[in-house]
Amino acid sequence: MSVSVGLLAASALSPVFAQDTLVVTAERREQPLSEAPQSITAISAETLQLVDADHISEVLARAPGVTLHRGSGAEQLTAIRSPVLTSGAGAGAFLFLENGIAIRSPGFANINGLFNAHYELADRIEIVRGPSGALYGANAIHGVVNVITPAPSEDLSVFAEAFGDTQDRYKWKGSVSDTYGAHGFYAGVSATSEAGYRVDAGLDQQKLTLRHLYDNGGVSIDTIFSFDNLEQETAGFIFGEATLKDRELRKTNDFPQAYRDAKAARLQSTIEFDAGDSTRIQVTPYARWNEMEFPQHFLPSNALERNGHWSVGAQSAVYHDVGALSLIAGIDAEYTDGFLYEFQSEPQIFSYTPGLHYDYDVKAVNASGFVQGEYALGPRTTATAAVRIDGTIYKYDNMTDNGVVGRFLRLPDQTDKFVTASPKFSLRQELSDSASVYVSYARGARPPQTTDLYRLQINQTGDQARPEKIDAVELGFRGAFGERVNLELAGFFMDKSNFFFRDADGFNVANGKTRHAGVEADVRIALHETLTLQSAVTYAKHTYRFDRPVGNATEAISFGDDVDTAPRVMANTRLLWRPFDRFRAEAEWVSMGSYFTDAANDHDYDGHNILNLRAEAGLTETLAAFVTVRNVTDELYAERADFAFGEDRYFPGETRTFGFGLRYRN
């Protein structure tokens, strides 16, 4: 099996499961998944092609412990061993990477950051669940998502695809790749245009990826450029369960003026070479730029926000492997220059005043050092210890008047500094050639987001926000039972402090505490040489560990209550049928358990069960046709449910949708 075909595809295509699927996210280099003492899911190119996702949430939900609440268009809110998190809490809790480099600078993250990633043409997507360890720092609190670009092919390869469905959604993508001597090339482009399931909710998005690989056997230089452009008409929440269950009213949009325009570009070049028989050096300089504009339709003010930043930086690592000892050490550094502007054109509503709310710039310097040591204590026992130190400096420059305007507080110019430490320890024991157990402790830590520090409200000061920390213990099992069953189990217990979020009154909370405990299972069973059953199941409890009365008494936070938008049970189960090489079909059952929609646990969403069908048939050696039926039973469900400002509100899921496409590959 090639490296590009990951764990899920391997289990889908054969009753023999790959025990040595290669992953790169944990150590920034290839390592067998079976040797990683942490929870990692690899979603392969073949699985991505079969799903042909309209939204990245469709593929990430195949990993246990992971769900994304789809908003309007390309938007999403993420949960990885966590509740579905919003605002700064959501932006800073997850690290979104493309080819190992953060899509946005850590202190300037965005909760919708995955719409920048070129997942439509990805070779695979890797998901690390829980704190990631020493090689990644800020924002790797609850997990890491790494979208990996296809490598250049050895021979000329041409790919093209066209797709349309009954929601007036059309997708095109294509790529060309080849290698000449020491030089390999890849170019991929994708475009999506959709009218939108709801009124005034269309979307147009284009993405481009270029890759050049030079490898002379001793030195390799891998350069990747990415660009994406999003022009989206945004639909806001609908209000009331009766609207959600009405086939016409659920398509309405009370915010026809809402939109989101975003552009981003990224460039990186990874240089690798040997420095002796046992040492290899890797250096990756990179640059990024992005800008975004949208009205805050989810707040009473409907204020216009513009934000953006550009960065230059470098990652480095030295790998030294001698006998039973493996060492990794490196230094990462980055400079970022960002801005935020917020202006309200509408008349005053509550304490949201018209006019300029914020206008500031932030310059940031991040520098980190890490070291990881792995030692084989015996032929089947391996211990790992690692630590990472992150230093961050923010230089904030207020471009308007200082002081209070309505509910908004503008701070004077200031400089803030933070230092965080992220240790990790693990022990892995091989039980046999095909089974192992591991136990680990890891701390995740991140400095505050710049919006946590400088987009403040009355009765708050910038020094309230402190580095967020999470301490996690995990026990896991990974193994195969004969040639037909693969099983991965993980149990986790995590305590988080300095949790920064917005309460029901709309004010920032800087000192929240939460607990996250659960079990995850990922099982693959070859029922027959043509039939494979796969299932990712999660049971988890996410609770508040503090009390906070608020002005709206029905939203008071009580110790031990469930964090809102935290389903305890989630499952994604697939049955794949492949009777012969040029045909495959899949039935997918997506189960979302019930969850509370408010902090006081007085309002809830019942959850849902969705059935999706997919099939692909090869018409010739190079041409295939594929069909999709999403939401087969035509459920009137919610992609996201919430309670705010005294109302139940929802983002409705699409009703039954039929799609058809053609795919060419030489």
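Here Ala421 meets the list (1) within 30 Å of Ala521 (Cβ to Cβ); (2) small (Gly, Ala, Ser); (3) touching a residue at least 24 places away in the same chain (Cβ under 8 Å); (4) surrounded by fewer than 19 Cβ atoms within 10 Å (Cβ to Cβ) almost entirely, failing just condition (1).
Give the range 170-202 a look and list any residue that's of a type in the set (Phe, Trp, Tyr) and either more than 27 Å from the chain's Cα centre (by Cα) or closer than 27 Å to Phe96 by Cα (or both), or say none. Give the derivation first.
Applying the first criterion (of a type in the set (Phe, Trp, Tyr)) to the range 170-202 yields 170, 172, 180, 185-186, 197.
Passing the criteria: Tyr170, Trp172, Tyr180, Phe185, Tyr186.
Among the residues of the range 523-544, those identified as farther than 21 Å from Ala61 by Cα, open to solvent by 10 Å² or more (accessible area, probe 1.4 Å) and out of contact with any Lys or Arg (no Cβ under 6 Å at 6 or more places or on another chain) are Leu527, His528, Glu529, Leu531. So how many residues does the range 76-94 have that are part of a loop (DSSP other than H, G, I, E, B), of a type in the set (Ser, Thr, Tyr) and in contact with a Leu (Cβ under 9 Å, 6 or more places away or on another chain)? Residues in the range 76-94 being part of a loop (DSSP other than H, G, I, E, B), of a type in the set (Ser, Thr, Tyr) and in contact with a Leu (Cβ under 9 Å, 6 or more places away or on another chain): 1 in total.
One residue alone among Arg484, Arg455, Arg443, Arg428 is in contact with an Asp or Glu (Cβ under 7 Å, 6 or more places away or on another chain) and open to solvent by 10 Å² or more (accessible area, probe 1.4 Å), and that residue is Arg443.
Can you work out which of the residues in the range 555-575 that are among the hydroxyl-bearing types (Ser, Thr, Tyr) and more than 15 Å from Tyr539 (Cβ to Cβ) is surrounded by the fewest Cβ atoms within 10 Å (Cβ to Cβ)?
Narrowing the range 555-575 to residues among the hydroxyl-bearing types (Ser, Thr, Tyr): 558, 565, 573.
Keeping just the survivors that are more than 15 Å from Tyr539 (Cβ to Cβ) gives 558, 565.
On the way: Ser558: 14, Thr565: 25.
Restricting to residues being among the hydroxyl-bearing types (Ser, Thr, Tyr) and more than 15 Å from Tyr539 (Cβ to Cβ), the top hit is Ser558.
Name the pairs whose Cβ atoms lie under 7 Å apart, with the first residue in the range 115-134 and within 12 Å of Glu98 (Cα to Cα), the second of a type in the set (Phe, Trp, Tyr), and 6 or more positions between them or separate chains? Close Cβ pairs satisfying both conditions: Ala117/Phe96; Ile125/Tyr119.
Would the range 449-467 turn up any residue that is in contact with a helix residue (DSSP H, G or I) (Cβ under 8 Å, 6 or more places away or on another chain), closer than 28 Å to Thr420 by Cα and of a type in the set (Val, Ile, Thr)? Walk me through it before giving the result.
Let us first name the residues in the range 449-467 that are in contact with a helix residue (DSSP H, G or I) (Cβ under 8 Å, 6 or more places away or on another chain), namely 449-454, 456, 462, 465.
Next, from what is left, pick out any that are closer than 28 Å to Thr420 by Cα: 449-454, 456, 462, 465.
Still in the list and also of a type in the set (Val, Ile, Thr): 450-451.
Yes; the residues of the range 449-467 include at least one that is in contact with a helix residue (DSSP H, G or I) (Cβ under 8 Å, 6 or more places away or on another chain), closer than 28 Å to Thr420 by Cα and of a type in the set (Val, Ile, Thr).
Scanning the range 387-417 for residues that are of a type in the set (A, V, I, L, M, F, W, C) and in contact with a Leu (Cβ under 8 Å, 6 or more places away or on another chain) returns Val405, Phe408, Leu409, Leu411. Is it the case that the range 146-169 has a residue that's touching a residue at least 12 places away in the same chain (Cβ under 8 Å), within 12 Å of the chain's Cα centre (by Cα) and outside any loop (DSSP other than H, G, I, E, B)? Taking every residue of the range 146-169 in turn, at least one turns out to be touching a residue at least 12 places away in the same chain (Cβ under 8 Å), within 12 Å of the chain's Cα centre (by Cα) and outside any loop (DSSP other than H, G, I, E, B).
Restricting the range 298-309 to residues that are open to solvent by 20 Å² or more (accessible area, probe 1.4 Å) and in a strand (DSSP E or B), the residue that is nearest to Leu340 (Cα to Cα) is Arg306.
Taking the conditions (1) within 25 Å of Glu639 (Cα to Cα); (2) at pLDDT 95 or above in turn, Glu98 satisfies each one other than (1). Applying the criterion of being of a type in the set (A, V, I, L, M) and under 30 Å from Leu327 (Cβ atoms) to the residues of the range 268-294, the residue that is nearest to the chain's Cα centre (by Cα) is Ala287.
The set of residues in the range 336-364 that are loosely packed, with under 15 Cβ neighbours inside 10 Å, touching a Ser or Thr at 6+ places or on another chain (Cβ under 8 Å) and assigned to a strand (DSSP E or B) contains only Ile349.
Test Val371 against the criterion of being assigned to a strand (DSSP E or B), in contact (Cβ under 8 Å) with a residue 40 or more places away in the chain and either open to solvent by 40 Å² or more (accessible area, probe 1.4 Å) or more than 25 Å from Trp310 (Cβ to Cβ) (or both), and give yes or no. Judged against the criteria, Val371 is a match.
Residue-level analysis places Arg62 outside the set of residues that are part of a loop (DSSP other than H, G, I, E, B) and open to solvent by 10 Å² or more (accessible area, probe 1.4 Å). Scanning the range 315-335 for residues that are open to solvent by 20 Å² or more (accessible area, probe 1.4 Å) and of a type in the set (Phe, Trp, Tyr) returns a single hit, Tyr335. When the range 95-131 is limited to residues that are among the charged types (D, E, K, R) and outside any strand (DSSP E or B), the one that is surrounded by the fewest Cβ atoms within 10 Å (Cβ to Cβ) turns out to be Asp123.
Take the conditions (1) of a type outside the set (Ser, Thr, Tyr); (2) open to solvent by 20 Å² or more (accessible area, probe 1.4 Å); (3) over 27 Å from Thr86 (Cβ atoms); Gly646 misses just one of them, which is (3). Of all the residues in the range 576-599, those that are modelled with pLDDT under 95 and open to solvent by 60 Å² or more (accessible area, probe 1.4 Å) number 3. Among the candidates Thr420, Thr451, Thr415, Thr461, the residue that is of a type in the set (S, T, N, Q) and at pLDDT 95 or above is uniquely Thr415.
The number of residues in the range 487-521 being open to solvent by 60 Å² or more (accessible area, probe 1.4 Å) and farther than 18 Å from Val84 by Cα comes to 2.
Note on the range 416-472: among residues that are within 22 Å of Arg515 (Cβ to Cβ) and among the β-branched types (Val, Ile, Thr), the one that is farthest from the chain's Cα centre (by Cα) is Val439. Among the conditions (1) at pLDDT 95 or above; (2) surrounded by fewer than 24 Cβ atoms within 10 Å (Cβ to Cβ); (3) not acidic (Asp, Glu), Asn146 misses just one, which is (2). Looking at the range 184-297, the strands (runs of 3 or more DSSP E) lying wholly inside it that each contain 2 or more residues that are touching a Lys or Arg at 6+ places or on another chain (Cβ under 8 Å) and either at pLDDT 95 or above or open to solvent by 20 Å² or more (accessible area, probe 1.4 Å) (or both) sit at 219-233, 259-274, 279-295. Within the range 600-642, if we keep just the residues that are open to solvent by less than 40 Å² (accessible area, probe 1.4 Å) and out of contact with any strand residue (DSSP E or B) (no Cβ under 7 Å at 6 or more places or on another chain), the residue that is farthest from Thr47 (Cα to Cα) turns out to be Ala600. Which ones in the range 65-75 are touching a Lys or Arg at 6+ places or on another chain (Cβ under 9 Å), part of a strand (DSSP E or B) and surrounded by fewer than 24 Cβ atoms within 10 Å (Cβ to Cβ)? His69, Arg70, listed by residue number. A Cβ distance below 6 Å, combined with a sequence gap of six or more or placement on separate chains, defines the contacts here; from the range 483-511, residues that are within 29 Å of Ala521 (Cβ to Cβ) and at pLDDT 80 or above reach residues that are buried (at least 19 other Cβ atoms within 10 Å of the Cβ) and among the polar types (S, T, N, Q) in the pairs Ala490/Ser39; Lys496/Thr514; Phe499/Thr514.
The values are calculated or read from the model by the stated rules, or taken from the named source; none is laboratory data. On a predicted model such as this, the values are computed, not experimentally measured, just so you know. A quick note on method: Cβ atoms are made from the backbone with ideal geometry, for glycine too, and the neighbour counts reach across all protein chains shown. Surface accessibility is based on the protein's heavy atoms, side chains included, excluding ligands, DNA and RNA. Shrake-Rupley method; radii C 1.70, N 1.55, O 1.52, S 1.80 Å.
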